[in-house]
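**Student:** Here it is, the structure, as structure tokens.
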Amino acid sequence: MPGITIPIDRTEMLTGLAVGTVALAIGLLASIGARALARPALTWGSAGLLFAAAALVGLDLTHGVPGGLVGGTALVAVGAGIAVAARVPLAARLAAVGPGAWLVAAHGAIPGERWVRVLVFVTIVAGGALVADVDRRTARRGLGPLLFAVSVGGVYATVPDTEQVLVLLGVAAPVALLGWPLRRAGLGPAGSPAAVAVLAWSAAVGGVGRPSSIVGAVGCLGLFVVGAVTRRAVRTSAPAVVAAHALLVLVSARVAGLRSTVRAAVAVVLLELVVGVAVWGTARRRP
């Protein structure tokens, strides 16, 4: 099994860190403004939008980004934000994200077979909702941005072509601080699907050389899936949440993502999620 190194001197990483640091500064200033207006910063949730925007800027500076990714990510955020503000049912919230997800999948210059674009679409719609749910229920502890940064690291660890996701890794490192330890912002209901859209696109583009890695990358959502299904993330200690998520991400990235076939990768991801739901659902609650 090949080792993992993070080349901090690469242009993609340095660019990601630079734009991510700017995003962190903007988030801190915005949280100060939110507090001045007596609005709770953690529920206001800017980290996901800042991550998506900074990632798009970083990708454009290093490689250029297709219009479908930019427009689709923006449409995902707008659709999700309107749906949440209108307090519509879950089905309507998922439908509101659909047009933007389709734009990313169909017009984001994603290579490979058709199933890859279908998977990107489903990941944005369903995965964005799952990430938003867990982010909301862990918002008071600011875990959402930190967990998402771990997921980004997992995608980096599994896709064979890391040029795009390395930018995202650089962005995620400083933006995660808005959640933990600063607890200034969560990913947010609009920012969660937007962040997932950029990550899913990067996974599809970077994983084209080994399709099983795309499946493993999607599995790196880990506890965002397990926690949403079992609804236990709020009641469990923060170290246990992070450790459980890291373990799920590790299995998806370094076991599922390195399989020789897509079917084998799917089997590993499904098995680990089933086991994760079973174990997490029966874990002892935090007092």
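**Student:** Identify, from the list ALA106, ALA149, the residue that is in contact with a helix residue (DSSP H, G or I) (Cβ under 7 Å, 6 or more places away or on another chain), under 14 Å from LEU221 (Cβ atoms) and either modelled with pLDDT of 95 or more or of a type in the set (Asp, Glu) (or both).
**Tutor:** ALA149
**Student:** Only one of these is under 11 Å from the mean Cα position of the chain (by Cα), in contact (Cβ under 8 Å) with a residue 24 or more places away in the chain and within 17 Å of SER212 (Cβ to Cβ): THR158, THR162, THR123. Name it.
**Tutor:** THR123
**Student:** Next up: Residues that are over 15 Å from ALA204 (Cβ atoms) and of a type in the set (A, V, I, L, M), at least 1 per element: which helices (runs of 4 or more DSSP H) completely within region 91-160 meet that?
**Tutor:** Passing ranges, in order: 128-137, 143-158.
**Student:** Continuing with the same structure: How many residues does region 88-104 contain that are over 18 Å from GLY191 (Cβ atoms) and without any contact (Cβ under 8 Å) to a residue 24 or more places away in the chain?
**Tutor:** 5
The values are calculated or read from the model by the stated rules, or taken from the named source; none is laboratory data. Because the structure is a prediction, the values reported are computed rather than measured. We place every Cβ from the backbone using ideal geometry, glycine too, and count neighbours over all the protein chains shown.
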